[in-house]
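The values are calculated or read from the model by the stated rules, or taken from the named source; none is laboratory data. Because the structure is predicted, anything quoted here is derived from the model rather than measured. Neighbour counts are summed over all protein chains in view; Cβ atoms, including those assigned to glycine, are modelled from backbone coordinates with ideal geometry.
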Amino acid sequence: MLTATEALGQSEVFLEFQERLSRVAPIDRPVLLLGERGTGKELAATRMHYLSRRWQGPFMALNCAALTPSLIEPELFGYEKGAFTGALQRRPGRFESADGGTLLLDEIGAIPPEVQAKILRVVEYGVFERVGSTRPVEVDVRIIGATNADLKALATAGRFKSDLLDRLSFDVLILPPLRERRGDIRLLAEHFAGRMGLELGRADSPHFSSRALRALEGYAWPGNIRELKNVVERAVYRSETALITQIDFDPFVSPYASPATDAQPVPLRPEPPSSQPMPQTGDPDRPLKEAVAKLEIDMLRRALASAKYNQRQAARRLGLTYDQLRGLLRKHRSALE
């Protein structure tokens, strides 16, 4: 889960989004946050709450997709003792717990239509009934809805109440995906790497080689910031030194798969293989040790590029064991950076 310190960025699209969020935060109206998975919708909602006049009140969040339809209503509105089997005592719901503050309804598109009708009543009149009761309960809650679904399409299909959509969309903020924030990738990667280094008790702060940075900045990031965090933390803990040279975008790809069945993610701007001619070890104008080193470096570059920097596959392409390849990478680290 992202924390408040991870609302980092300096790109134009990121700063524009933060400006819009800051402008709507003090306005006591419902807001919708739309964005792809991993873009930080809950983080944005938290920031909106603490920039609002409700900042001293509670901030509650509910992932509506994590509950079955039958559980969403009692979770939101609470229930009375005996309302259903297992209801041994009265229990307040999220609306009551968020009274005076903000309630984030994450994955709001997953809420069943019958529950949407009760939410609409809360938005319009500030009242609801607990499950198993007819007594109205008054609350003062600001609702923030978040989803990566197309709510307008759901409303057209009759799966989301158009009236509720109208009431929730006082403003709609669309979080920019990470691929539109290229200027923030290095900043975020260094932040995640430094924090992971502290967690591991590393003496030196982790940093990236230029090749690793190009790989990070050229990748499509379908999982956005959450995926970047995982990739960077994995790279830090796997690295034997503070210099991060290898990036593994997909840990699910088997290192034992044949090259024909590999399914590595392809960066948006893959680095082309080296176009330099391979040196001849028998070149009479070059000392033997220098020619061998040059050949090793060039073949390492080609094998890593063709294997998309999967070291185990690169080792197989070169006819080496994984340990032998790692030894060569350490030997030629400075030349490969």
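When you look at residue 11, is it over 12 Å from residue 146 (Cβ atoms), of a type in the set (Ser, Thr, Tyr) and within 22 Å of the chain's Cα centre (by Cα), yes or no? When the stated conditions are applied, residue 11 passes them.
Checking the conditions here, which among 79, 50 is within 28 Å of the chain's Cα centre (by Cα) and over 20 Å from residue 167 (Cα atoms)? Testing whether each residue is within 28 Å of the chain's Cα centre (by Cα) and over 20 Å from residue 167 (Cα atoms) leaves just 50. Pairs are defined by a Cβ separation below 6 Å, a sequence spacing of at least 6 or placement on different chains, a first member in the range 196-214 that is under 23 Å from residue 310 (Cβ atoms), and a second member that is of a type in the set (A, V, I, L, M) and surrounded by fewer than 11 Cβ atoms within 10 Å (Cβ to Cβ); no pair meets this definition. When the range 122-162 is limited to residues that are in a helix (DSSP H, G or I) and surrounded by fewer than 15 Cβ atoms within 10 Å (Cβ to Cβ), the one that is farthest from the chain's Cα centre (by Cα) turns out to be 125. Taken together, 58, 69, 74, 30 contain a single residue that is buried (at least 17 other Cβ atoms within 10 Å of the Cβ), in contact with a helix residue (DSSP H, G or I) (Cβ under 8 Å, 6 or more places away or on another chain) and closer than 30 Å to residue 133 by Cα, which is 30.
Among the residues of the range 211-231, those identified as farther than 14 Å from residue 180 by Cα and either more than 17 Å from the chain's Cα centre (by Cα) or of a type in the set (Asp, Glu) (or both) are 211, 212, 213, 214, 215, 227. The one condition from (1) at pLDDT 95 or above; (2) within 15 Å of the chain's Cα centre (by Cα) that residue 208 does not meet is (2).
Counting only residues that are buried (at least 17 other Cβ atoms within 10 Å of the Cβ) and small (Gly, Ala, Ser), which one in the range 232-252 is farthest from the chain's Cα centre (by Cα)? Going through the qualifying residues, I end up with 239. Condition first: assigned to a helix (DSSP H, G or I) and over 18 Å from residue 39 (Cβ atoms). Now tell me which residues in the range 222-251 satisfy that. Answer for the range 222-251, where residues must be assigned to a helix (DSSP H, G or I) and over 18 Å from residue 39 (Cβ atoms): 233, 234, 235, 236, 237, 238.
In this structure, is residue 308 surrounded by 16 or more Cβ atoms within 10 Å (Cβ to Cβ), at pLDDT below 85 and under 30 Å from residue 175 (Cβ atoms)? Can you show your working first?
Values: surrounded by 16 or more Cβ atoms within 10 Å (Cβ to Cβ): yes; at pLDDT below 85: yes; under 30 Å from residue 175 (Cβ atoms): yes.
It is true that residue 308 is surrounded by 16 or more Cβ atoms within 10 Å (Cβ to Cβ), at pLDDT below 85 and under 30 Å from residue 175 (Cβ atoms).
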